[in-house]
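*Asks:* Have a look at the structure that comes next, please.
The values are calculated or read from the model by the stated rules, or taken from the named source; none is laboratory data. Given the structure is predicted, the values throughout are model-derived calculations rather than measurements. Cβ sites come from the backbone with ideal geometry, for glycine too, and all protein chains shown count toward neighbours.
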Amino acid sequence: MAILDGGPTQPVSTVTSASDRRSPAYDFWRRFSRNKLAVLGLCFLVFLILTALFAPLIAPFEPRDRGDVFRGGPSRHNYFGTDIIGRDVFSRVVYGARVSLKIGIGATTIALVIGVVFGAIAGFFGGWIDTLLMRVTDIFLAIPYIVLAVAIASVFGRSENSIVLVLGVTGWLGVSRIVRSSLLSLKELEYVEAARSLGFSRTRIITRHILPNALEPIVAFGAITVGSAILAEAALSFLGVGPQDPTPAWGLMIFQGRGDLADAPHLVLFPGLAISLTVLSFQLIGDGLRDALDPKQR
Amino acid sequence: MASYVIRRLLLIVPTVFFAISFLFLLFFVLPGDPANLLAGGGDRIPNPIRVEQVNDKYGLDDPIATQFVNYWKRTLTWDLGESFATGRSVNEILGDRAKNSLRLGVWAIIAEVLIGIGIGVYSAIRRGSWVDKLSTVGTAVLSAVPIFVLGYAFQYWFAVYPNTHDWPQWARLRTSQIGPPGSGDGSWFLFFIPTGEQWRYVVLPALTMAAVSTALVARLTRSSMLGVLDADYMRTARSKGLDERRIVLRHGVRNAMLPVITLIGLDLGAVIGAAVLIETVFSWPGLGSTIANAVEDRDLPVVLGLTLVVVLVYSIVNLAIDISYAWFDPRVRLAKRDDT
Amino acid sequence: MLSTPSSDDVVVTGLAAAGREPLLAVRDLVAGFDTDTGLLQAVSGLSFEVHRGEVFAIVGESGSGKSVTAMTIMGLLPSVRVAGGEIRWKGQDLLGLGDKEMQGIRGNEIAMIFQNPLSALNPVHTVGRQISEAARIHQRVSKRAAHSRTLEMLDLVGIPEPRKRAAMYPHEFSGGMRQRVMIAMAIMNEPDLLIADEPTTALDVTVQAQVLEMLAGIKDEIDSAIVLITHDLGVVAGMADRVMVMYAGRQAELGSVDEVFYQTQHPYTAGLLSSLPTLDAAASEALVPIPGSPPSLVTRPSGCPFHPRCGRANDSTCVSDVPEVRQIPSGHLAACHEAEEVRLECQRVFAEQSASAEGSS
C-alpha cells in the first residue's frame, strides 16, 4: 500500500548504548557490583586471602611463641591479647585464616566435584540410575553429619585433612541435588532435541550445551557452601576433632578459651568474630552471585 | 495417597539399615584392633582386663560377619546393649537424655513457628520498614555466627558478666547445668515449661537453640512471601474487591508457607549438630552431648543405639512433613494420588 | 454529564448525540511510573467512553499502554501514578476514591479477567471457593447460597458437571476451562462492565472462538459492557462494536469497527490491517509488516510518535507537533496530521481490492 511505501522517513530512534558491545563478563560484573553488600563481602574476602598469604609479614609473633603475659587483655603489644599459655591471639587469628580458608575451599571443591558428577549422572541418565543415586543420598542425609565427622576423625586421626575429607564427603549431597534438578529440566528443552537431531554425540551435548547452563546455579551455591564449610570446620575444631594444638584453628581457640570467659572474654571474642565475618562475607558474595546470574534480572 | 505413605514407610527400613550398618562398619573395618579401639585405643594403652571383658561380651573376636549379624539380631529385639564406659543400659540413657534435648527442641520449634514466620510475613508485607531492615540484618548475622560462639556470647552477657559484676539477683541467668543444685532433672511444668528457678537455667540454651533456626525460617518466609505477593492470583483477588488484609491472610500466607514447611524440621544433620554444640556449651545433659562424648570414648553401643533412634526419628519426621506438605498443596496431593 | 469545555468536547458531542450517558468516561488520562528522571509515561492523554451493553475493543502492540489503562481504571497497579486527566464511572470520579470505596466497585460493578488463567487463580483453593468468594465479598450471603450461585455460573459458562468441578483445583482444568472459570468468577455479581485483558491470547485458536462466543452470550445475558483488550484484529472484527487503536500511550484511531476497518484514517491502523495474512492472498505474496518497532517508554519520538515508521509522514508537522485528535462525523476519531489523505488512500485501495476479489471469484 502506498501508505507504507517509502519506508521510514527518519531513522528509528533507539537507545544504542554501550550495552550492545559489552562482553558477558563485564556485564556480569556490573550487575554484581550493584549489590553493595556483595561487594563488601568480596572486599573482606580479598583482605582475608591476603592476610592468609602474607601471614608471616602481618603477624607480629609466631603463633606458637609463648610470652610472659598469660590471659592478658588487648594491649598495644598484643592487639588481641594473649591466651592461656601466653601466645599472641592476634597472630594466631591471622594464621588461623590459612587453616579456615584451606579447609573451607578444599572441602567445597571436593564436594562440588563429587556432587556435580553424581548429579550429572543421575540427572542425565534418569531412570533407575537416578533412583538409585537418590536413595544413596537419602541414606547419607539420614546420618547426622556430626556423628559421622567425629567418627571419621577419631579413626583417621585429627587433622586438617580429616576435616576436609569429612566435609567434602558430606557436602556433596546438596550440590548433587541442584545439579540433578537443573539437568532434569534442561534435558527436556528443545535445543537439546535440536542438537540431537543434528547428530551430536551424547557427550558433546552434555559438555557443550547442558553443563554450562546447569552449572550456573552451582556458582552461587558454591560460595555459600564455603561459608557453611568454614562454620562446620569451626564446630568440629571446637569439638576437638580438627587440627590439634598448637595449630591455630579458630574453633579450637574458642574451645581453649571457653573456661576463662569471665576474666578473658577476648579469647572467645576475637576468633568468634573472625569466623563470623568470614562466613558472612561468603554468604553475601553467594547472594550477590545468585542475583547477578538470575536471568530474570538481566 | 495411602499407597504413597506405605511406600515411604517401607523405605525407612533400608535407609535405617544402611545408615547404621555403615557406621557399624566404619568402626570395625577401619585399621586397628576393634577391641583396642573400644577399650580406649589410639594413644592410650588399653587395660587388658577391660579388653577381655569387651571381647567376651560382644564377641569381638568373632569374624565381622558374625558380629554384624549378632548386632542386628540384638537390635531388632531392641536390646541396645550397655554403655562400654558406664555399664548403664543404653535404653535408660536414651530415655534420660532424650527428654532434655526434646525440651530445648520444643522451644526452638515454638520460636521458629511463631516468631520466625511472624517476622518473615511482616517483613515481606512492610518491605523497607525498620522491622524489615532490622530483621534482614539480624538474620544475616545470625546465619553467619557459629552457634557455639553465640552461646558463649549469651553466656557472657547474661550470666557471666552479671555474676561477676554483682548485678541484682533477678537479672542473673545461670548456665553450666540443667537446673538448680539438688533438683535432679530440673523442675518442669507440662514437660517443657520451666518452673521457679529452673527458668534461669533454661533461657539461654533455649534462646541459642531458637535463635539460629528462627533466623533461617524468618529469611525463607520473607522471600517466599515476597514472591507470593507479586503473584498473579494476588492481583486477581484484588480485582475481586478483597481488602489487603484478607488477601494476605487468605491467599498469600498459605502459598508462602509451602517451602517453609519443608524447612522446619528438615535438616536433621544441622539440628543434631546444633544440639551437640549447644549442649556442650551449656553443659546440658541431652542426646547431643551424650553422642559426642560417646564417640570420643568409642562407646559403641551408645553411639549406635542413639544414632539409630535419631535416624528413625528423622525418617519419620520427614515423612510426616512430606505428608503435611501434600495437605497444604493440592497440586502435590493429586500427583500422589496418581502415583501407583 | 461532563461539562469541561475543550477540544475533547468533540468526543462528547458525537456520542451525546446518541442520547446515552457513558458508563465509563476517560478524559485526557496521563499515567506512568515514577523514576529518578521523572515520570515515565505509559499513557499520554487518552480519552474514550464506554456505553452500556457495548463491546469496546482496545487494540495495540505490547507497550502501547493498553494494559496499563485497564489496570489504572481498576486501580490495580500501585506503582502507576496518574498525573492528569480523569476517569469517571457512572459520572463518579474514580481516581479520587479511597481504598474502601474502590474495593466496593471492584468485582462488583467492574470486574476483570486476565490473560493467563493458570497463574491468575490461586493454586491452593478450590475453584468453587474462589468463585463463591467473589459473591461473598460484596453480598451478605450464606456459604450455601453462594455455592449454589457458583454452580449456576459454572453452568452458564459452559462447564460440564459443575458440582464436581467446583471441588477441583485450578491445575486440574485445561486452559479454556480455566478461562471460563475466570469469567464465571467475574460475572458473579453481574457487573456493569467487564474488562477482559487479552482473554484468549494464551488459548488455542479453536478454544478462543468458543470462549469468545460464550463471552458474547453472557454479555447479553447480564447486560454488561465489555472492554476487550487485545492485539488480535480478528477478535476485534468478530466481537467488538467500537474499537480504539493505541500507539505509544496515545490513541491513534477510535470509532466503530466498520469505520476503523473500512474508512481507516491512521497509517498505523492501516499498517496493522494490511499486515494481516488473508486467506485469499497468493501464496507468494509477502506479508507486509510495519517497518521498525514500537518505541519504548523511555524514548518517545518528538511530534507524532508514529512518524519514524510512517510512510506518510511529512517533514514538518508530523515531526514537531503531536497530532490533535480530529473528529470526522459520527464520532470516528484519528490522531494524524494527514488523516484525510489517509482515509482517501485507504478507500481507494479497498475499492481496488474488492474489485479484484470480485473479478477473480
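*Asks:* Of all residues in the stretch A:151-166 being more than 12 Å from chain B (Cβ to nearest Cβ) and in a helix (DSSP H, G or I), which is surrounded by the fewest Cβ atoms within 10 Å (Cβ to Cβ)?
*Replies:* Ranking the candidates gives A:ASN161 first.
*Asks:* Give just the number: which of (1) modelled with pLDDT of 75 or more; (2) of a type in the set (Phe, Trp, Tyr); (3) under 30 Å from B:LEU277 (Cβ atoms) does A:TRP128 not satisfy?
*Replies:* Only one criterion is unmet by A:TRP128, namely (3).
*Asks:* Here's another thing I want to ask about it. With the checklist (1) more than 30 Å from B:LEU300 (Cα to Cα); (2) of a type in the set (Phe, Trp, Tyr); (3) modelled with pLDDT under 85 in hand, flag the one item B:TYR58 doesn't pass.
*Replies:* (1)
*Asks:* Sort out for me the helices (runs of 4 or more DSSP H) sitting completely within the stretch B:87-162 that have 2 or more residues that are closer than 21 Å to B:PRO259 by Cα.
*Replies:* In the stretch B:87-162, B:90-111, B:117-125, B:130-144 are the helices (runs of 4 or more DSSP H) which contain 2 or more residues that are closer than 21 Å to B:PRO259 by Cα.
*Asks:* Out of (1) under 20 Å from the mean Cα position of the chain (by Cα); (2) at pLDDT below 85; (3) surrounded by 13 or more Cβ atoms within 10 Å (Cβ to Cβ); (4) not hydroxyl-bearing (Ser, Thr, Tyr), what's the single condition that is false for B:PHE191?
*Replies:* Unmet for B:PHE191, out of (1) under 20 Å from the mean Cα position of the chain (by Cα); (2) at pLDDT below 85; (3) surrounded by 13 or more Cβ atoms within 10 Å (Cβ to Cβ); (4) not hydroxyl-bearing (Ser, Thr, Tyr): (3).
*Asks:* Would the stretch C:351-361 turn up any residue that is modelled with pLDDT under 75, surrounded by 12 or more Cβ atoms within 10 Å (Cβ to Cβ) and over 26 Å from the mean Cα position of the chain (by Cα)?
*Replies:* yes
*Asks:* Just one of A:ARG258, A:ARG208 is surrounded by fewer than 17 Cβ atoms within 10 Å (Cβ to Cβ) and either within 14 Å of chain B (Cβ to nearest Cβ) or at pLDDT below 75 (or both); which is it?
*Replies:* Just one listed residue meets the conditions, A:ARG208.
*Asks:* Can you confirm whether the stretch B:163-185 contains a residue that is aliphatic (A, V, I, L, M), within 26 Å of the chain's Cα centre (by Cα), in a loop (DSSP other than H, G, I, E, B) and at pLDDT below 70?
*Replies:* Yes, the stretch B:163-185 has at least one match.
*Asks:* Taking the condition surrounded by fewer than 21 Cβ atoms within 10 Å (Cβ to Cβ) and either at pLDDT 80 or above or part of a helix (DSSP H, G or I) (or both), does A:LEU231 pass?
*Replies:* no
Residues checked against (1) buried (at least 18 other Cβ atoms within 10 Å of the Cβ); (2) away from every other protein chain (no Cβ under 14 Å):
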residue	(1), (2)
B:ARG97	yes, yes
B:LEU102	no, yes
B:LEU114	no, yes
B:SER123	yes, yes
B:LEU134	no, yes
B:VAL137	no, no
B:SER143	yes, no
B:PHE154	yes, no
B:PRO168	no, yes
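*Asks:* Something else now. Given the residues C:GLY85, C:GLY75, C:GLY98, C:GLY107, which is the only one that is more than 8 Å from chain B (Cβ to nearest Cβ) and in contact (Cβ under 8 Å) with a residue 40 or more places away in the chain?
*Replies:* C:GLY85 is the lone residue from the list that is more than 8 Å from chain B (Cβ to nearest Cβ) and in contact (Cβ under 8 Å) with a residue 40 or more places away in the chain.
*Asks:* Please determine, by comparing only the residues of the stretch B:194-233 that are outside any helix (DSSP H, G or I) and not acidic (Asp, Glu), which one is nearest to C:LEU121 (Cα to Cα).
*Replies:* Checking each candidate, the answer is B:ALA231.
*Asks:* Okay, moving on. Limited to the stretch C:57-87, what total is found for residues that are more than 21 Å from C:GLY38 (Cβ to Cβ) and in contact with an Asp or Glu (Cβ under 7 Å, 6 or more places away or on another chain)?
*Replies:* 3
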